[in-house]
Every structure is written in structure tokens, then in C-alpha cells.
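One structure below.
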Amino acid sequence: MTRLTALNPDEATGKTKELFTAIKGKLGVVPNMMRTMGNSPALLEGYLNFSGALAHGSLGAKTGELLALAISEKNNCDYCLSAHTYIGEKLVHIDSETLTNARNANSTDAKTAAALKFAAVLTAKQGLVNNADVEAVKAAGFTDGEIGEIVGHVALNVLTNYFNNTAKTEIDFPVIKAYNTVEA
């Protein structure tokens, strides 16, 4: 059972209605996470702006989706695992083996694997990485700017993971459960 209410886009008003209209225009639908975030137009707008900015970064959509899966698995977020598996498969055209590997912070591509491992370490250490952690991702060929973007993806996904775990957002994608699902 959900803890926070997902707003009906047809009944939204003010800034929330404006944001829902933009989302629906882009996606054709307003997903439940965004409908629930709409209770705070500031939160929804912040999420959309941050997500939009990272979408234009140098890492690309594929790496962004794979990072989302690695981070969401670490945070046991079934909503985000479900959404990013669907988006990764249907919109970014990532094969199922690559998606599954990403959940374990693994990839057959060494550079992608380094990014996923760094994101997993960053999440597990709550941002308190050490010199060796940063040097490992640099050694894989990531620039300082790209490392900053990885940190940004971690921050964005921690936001959505924590939000959905708090709200118990109803999953509106084919359901994917975290390997170590924790019920709260």
C-alpha cells in the first residue's frame, strides 16, 4: 500500500498542472513517481531539471540507465529497478544480459564496469570514497567531469530511490524486484 498519494493529472492545478502537462507532452503519460512527486512542485521541478541536465551530459543514455540500475539495486528500490529496466530495454535498446549485469555493478565493457563499480562504492560508502576509489575510475579513462557526472547520477538516483521507498510508489512498469528486497 502506498504511503504518499499519486495525484491525478486531470485534477492538478498551478505549477503541478504545468509540470504534468509538460511530462505528458514528452512521455505521453505521467508516471506514478512523478504524480507522487507532484505533491511538491518544487521537488518535481528539481527532479526534472536535474534529470534533464544529466541527460545532456557526456556519459550518454545507456550509461545513465546502467548506473540507475546499479544504484537502485544497492538501495533496494523496486520502482526504479522496474522503470529503468523498462526504459533501458524499450527506449535505449539495451539487451537483458547487460541490464542484469548492471544491477550487480558489472559490465563486459571495462570502462562501463569501472563506472558501475564506482557508483556502487560511492553509494555503499555514502559518498566517502577514498583516493584508490577515485584513481580506479580515472584509470579506466574517465575525466574529472565524467566522474562528476557519475556522482550526479548517484545523487539523482539516491533521490528517486529514497523517495519511492518512502512513498511506496505503486509500480506502473513491469515489476522488477531487488535481489535483497527489504520490506519496511
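All of the numbers you see were taken from the coordinates with simple rules; none came from a lab. As the structure is a prediction and not an experimental result, all values here were calculated from the model. For neighbour counting, all protein chains shown are included, and Cβ atoms are generated from backbone atoms with ideal geometry for every residue, glycine included.
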| query | With contacts defined as alpha carbon pairs under 8 Å and 6 or more residues apart, what's the relative contact order of the chain in percent? | reply | 32
| message | Among ALA155, ALA102, ALA124, which one shows the highest mean-square fluctuation when the chain is modelled as a Gaussian network with alpha-carbon springs under 10 Å? | response | ALA124
| note | By Cβ neighbour count within 10 Å, fewest first, TYR179, TYR47, TYR162 rank TYR179, TYR162, TYR47
| Most mobile of GLU170, GLU89, GLU97 per a Gaussian network model of the chain (Cα springs, under 10 Å)? | GLU97
| field | Over the chain: helical MRE at 222 nm, DSSP H runs n ≥ 4 each giving -39500 (n - 2.57), nearest 500 | value | -19500 deg cm²/dmol
| field | Cβ charges +1 (Lys, Arg) and -1 (Asp, Glu), total dipole of region 9-55, debye | value | 80
| For region 170-178, in order, what is each residue's ³J(HN,Hα) by Karplus, 6.51 cos²θ - 1.76 cosθ + 1.60 with θ = phi - 60°, in whole Hz (x at glycine and Pro)? | 5, 6, 10, 10, x, 6, 10, 9, 4
| In the structure shown, do any of LYS62/LYS177; LYS74/LYS117; LYS111/LYS177; LYS26/LYS74 have a Cα-Cα gap over 19 Å, and if so which? | LYS62/LYS177; LYS111/LYS177; LYS26/LYS74
| said: Let me spell out the model: positive unit charges on the Cβ of Lys and Arg, negative unit charges on the Cβ of Asp and Glu, origin at the Cα centre of the chain. What dipole size does that give, in debye rounded to 20? | reply: 200
